[in-house]
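Working notes, structure below.
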Amino acid sequence: MRRALFPASFNPIHRGHCDIAERASHLFDEVVLGVFSNPAKSFVFPQEQRVDLARQALAHVENITVQPYGGLTVDFAKEIGAIVIVRGLRVFSDFELEFRMALANNRLAPDIEIVCLMAREQHMHLASSTIVEIASLGGDISSMVPKPVEEALLAYFDKMGHDEP
Ligand code: ADP
């Protein structure tokens, strides 16, 4: 059983993440999406909701499961028996960060391989922070995120609008 872990904040999950997860699901027997949370970091959605949105977005892929985690990614990878950590690479600027993280994770857990899948051209520009910003300004994000994420972001900013004094 070759199990891979795709770890990220998924804040929130978008079509670029889904593409990496789906392609990884063809390469490995099982892919676990690890939804990271850290009390020191602020997220648009709480971890439970980010997990729920990721589950809805990838429900059609049989060998993908979604789990929350905190702490070191390599510790979670060991806990679930993953032999590989999967990440995506969008643009050159991702490379430095991914390479640095891969070296650090490799030092911590030499038995776990890091595999980076190149982003598809049509998803290269997608980033959670950009999508959240577009949604906050009332822009159309329907081509960037799965339907449940679009609805959750619309509800979030609608509520924020109503909560303002
Ligand atoms: P985090 O801050 O939790 O790392 P990101 O969304 O920035 O969250 O990135 C998580 C992983 O998903 C990274 O490996 C990143 O390169 C990858 N990723 C993010 N956006 C895309 C995209 N549009 N296409 C492919 N991979 C992506």
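The values are calculated or read from the model by the stated rules, or taken from the named source; none is laboratory data. The structure displayed is predicted, hence computed values, not measured ones. Using ideal geometry, Cβ is built from the backbone for each residue, glycine included, and neighbour counts are taken over all protein chains shown. Areas reflect the complete protein model, heavy atoms only, side chains present, ligands, DNA and RNA absent. Shrake-Rupley method; radii C 1.70, N 1.55, O 1.52, S 1.80 Å.
So which residues in the range 116-135 are part of a helix (DSSP H, G or I) and among the hydrophobic types (A, V, I, L, M, F, W, C), if there are any at all?
Step one: list which residues in the range 116-135 are part of a helix (DSSP H, G or I), which gives 121-123, 128-135.
If the condition is that a residue be part of a helix (DSSP H, G or I) and among the hydrophobic types (A, V, I, L, M, F, W, C), then Ile131, Val132, Ile134, Ala135 are the ones that fit.
Please work out if Arg107 is at pLDDT 95 or above and more than 10 Å from the ligand (Cβ to nearest atom). So that I can check it myself, show each step before the final result.
Working: at pLDDT 95 or above: yes; more than 10 Å from the ligand (Cβ to nearest atom): yes.
Yes: the conditions hold for Arg107.
Would you confirm whether any residue within the range 20-41 is among the small types (Gly, Ala, Ser) and more than 23 Å from Val132 (Cα to Cα)? Within the range 20-41, one or more residues are among the small types (Gly, Ala, Ser) and more than 23 Å from Val132 (Cα to Cα). Can you name the residue in the range 120-150 that is free of Cβ contacts under 8 Å to residues at least 24 places away in the same chain and of a type in the set (Val, Ile, Thr) and is also nearest to the ligand (Cβ to nearest atom) among such residues? Among those residues, the one meeting the criterion is Thr130. Pairing each residue of the range 81-106 that is over 12 Å from Leu117 (Cα atoms) with any residue that is of a type in the set (Asp, Glu) and surrounded by 13 or more Cβ atoms within 10 Å (Cβ to Cβ), provided the two are 6+ apart or on different chains, yields C-beta distances under 9 Å for Ala82/Glu30; Ile83/Glu113; Val84/Glu113; Asn106/Glu113.
Under the condition of being polar (S, T, N, Q) and farther than 18 Å from Gly34 by Cβ, the residues counted in the range 59-110 number 1.
Scanning the range 75-86 for residues that are within 15 Å of the ligand (Cβ to nearest atom), surrounded by fewer than 22 Cβ atoms within 10 Å (Cβ to Cβ) and either more than 26 Å from Gln122 (Cα to Cα) or not aliphatic (A, V, I, L, M) (or both) gives a single hit, Phe76. Conditions first: (1) open to solvent by 20 Å² or more (accessible area, probe 1.4 Å); (2) within 12 Å of the ligand (Cβ to nearest atom); (3) under 20 Å from Ile83 (Cβ atoms). Phe43 passes all but one, so which condition is the exception? Among (1) open to solvent by 20 Å² or more (accessible area, probe 1.4 Å); (2) within 12 Å of the ligand (Cβ to nearest atom); (3) under 20 Å from Ile83 (Cβ atoms), Phe43 violates only (3).
Restricting Glu48, Glu22, Glu62, Glu96 to residues that are within 12 Å of the ligand (Cβ to nearest atom), of a type outside the set (Lys, Arg), over 13 Å from the mean Cα position of the chain (by Cα) and open to solvent by 50 Å² or more (accessible area, probe 1.4 Å) narrows the list to Glu96.
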